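Chemist: One structure, as structure tokens, below. Some questions next.
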Amino acid sequence: DTAVSQTPKYLVTQMGNDKSIKCEQNLGHDTMYWYKQDSKKFLKIMFSYNNKELIINETVPNRFSPKSPDKAHLNLHINSLELGDSAVYFCASSHRGRQTGELFFGEGSRLTVL
Amino acid sequence: SQQGEEDPQALSIQEGENATMNCSYKTSINNLQWYRQNSGRGLVHLILIRSNEREKHSGRLRVTLDTSKKSSSLLITASRAADTASYFCATVDLGNTGKLIFGQGTTLQVKP
């Protein structure tokens with residue numbers, strides 16, 4: 001009965017490769033997010049989708065492309081991986097209608113680029 | 001841009017003691033939230049305080065908010081070893097884009 005689930009949990013790959021991380025939430029929320037947490041634990045928002053519409057797109061290289069096939073899923077595809085992409089990527093969801101902004105996070109996907 | 005600055009960055013206390021963490025932010029906010037992150041895990045929401053509130057309690061947690069100083073504090077009373085984690089404050093801006101901006105966190109170690 002996991003609320004926000006991400007796969008894979010760990011991802012090790014070579015520079016230049018393309019990889020995807022998947023996220024699904026079963027909370028009935030209408031908004032989903034991708035956050036990046038660096039080695040110093042700093043969390044930075046990357047994208048947000050509300051009902052499959054992109055509503056937040058921070059300054060992220062266009063090698064990163066989110067896709068939301070429906071409001072319960074938000075995937076992140078990364079092209080031409082670079083060393084600096086190594087981080088933990090967190091998916092989160094919320095119910096925007098409540099306007100409180102409380103987020104429910106997945107367990108994270110640790111990406112290591114060699 | 002980073003919104004919150006947390007202080008201290010690291011805190012080590014004995015079980016049973018109280019732990020206080022502080023957070024400062026830069027812009028006007030709709031609300032401020034505190035999250036906990038256990039090592040290797042995702043963040044878990046602890047408590048939310050609205051901009052028109054000054055203090056809020058939840059179990060052993062007490063949060064204060066001073067909007068004039070743009071600061072908040074999280075107090076954990078009677079700490080337990082299981083409270084060992086990183087604690088983050090996060091703010092939702094007045095524009096209510098839904099964007100939650102996090103501070104850099106305080107790493108708390110509670111020694112048994």
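The values are calculated or read from the model by the stated rules, or taken from the named source; none is laboratory data. Source: prediction; values computed, not measured. Cβ: placed from backbone, ideal geometry, glycine included. Neighbour counts: every protein chain shown. Protein only, heavy atoms only, side chains kept; ligands, DNA and RNA dropped before computing areas. Shrake-Rupley method; radii C 1.70, N 1.55, O 1.52, S 1.80 Å.
Chemist: Say we look at the range A:43-69 and pick out the residues that are within 14 Å of another protein chain (Cβ to nearest Cβ) and hydroxyl-bearing (S, T, Y); which of these is least open to solvent (accessible area, probe 1.4 Å)?
Modeler: A:S48
Chemist: Here's something else I'd like to know. Of the residues that sit in the range B:79-112 and are modelled with pLDDT of 95 or more, away from chain A (no Cβ under 11 Å) and open to solvent by 50 Å² or more (accessible area, probe 1.4 Å), which one is farthest from A:F105 (Cα to Cα)?
Modeler: Here the answer is B:K111.
Chemist: Then there is this: Could you tell me whether the range A:35-42 includes any residue that is open to solvent by less than 40 Å² (accessible area, probe 1.4 Å), within 12 Å of another protein chain (Cβ to nearest Cβ) and more than 18 Å from A:G108 (Cα to Cα)?
Modeler: No, the conditions are met nowhere in the range A:35-42.
Chemist: Checking the conditions here, which among A:K22, A:K71 is touching an Asp or Glu at 6+ places or on another chain (Cβ under 7 Å) and in contact (Cβ under 8 Å) with a residue 12 or more places away in the chain?
Modeler: Selected residue: A:K71, the only one of A:K22, A:K71 that is touching an Asp or Glu at 6+ places or on another chain (Cβ under 7 Å) and in contact (Cβ under 8 Å) with a residue 12 or more places away in the chain.
Chemist: Something else now. Tell me, yes or no, whether the range A:11-32 has at least one residue that is closer than 19 Å to B:F88 by Cβ, of a type outside the set (V, I, T) and either buried (at least 16 other Cβ atoms within 10 Å of the Cβ) or within 10 Å of the chain's Cα centre (by Cα) (or both).
Modeler: Among the residues of the range A:11-32, not one is closer than 19 Å to B:F88 by Cβ, of a type outside the set (V, I, T) and either buried (at least 16 other Cβ atoms within 10 Å of the Cβ) or within 10 Å of the chain's Cα centre (by Cα) (or both), which makes the answer no.
Chemist: Give me the pairs: first residue in the range B:54-65 and within 13 Å of B:Y35 (Cα to Cα), second residue open to solvent by 60 Å² or more (accessible area, probe 1.4 Å) and not charged (D, E, K, R), beta-carbon distance under 8 Å, and six or more apart or on different chains, which are they?
Modeler: Between residues of the range B:54-65 that are within 13 Å of B:Y35 (Cα to Cα) and residues that are open to solvent by 60 Å² or more (accessible area, probe 1.4 Å) and not charged (D, E, K, R), the close pairs are B:V63/B:H57.
Chemist: Taking only the range A:20-40 into account, find how many residues are closer than 20 Å to B:V92 by Cβ and not hydrophobic (A, V, I, L, M, F, W, C).
Modeler: 8
Chemist: Only strands (runs of 3 or more DSSP E) wholly contained in chain B count here; list those with 2 or more residues that are touching a helix residue (DSSP H, G or I) at 6+ places or on another chain (Cβ under 8 Å).
Modeler: Where strands (runs of 3 or more DSSP E) fall fully within chain B and carry at least 2 residues being touching a helix residue (DSSP H, G or I) at 6+ places or on another chain (Cβ under 8 Å), they are B:106-111.
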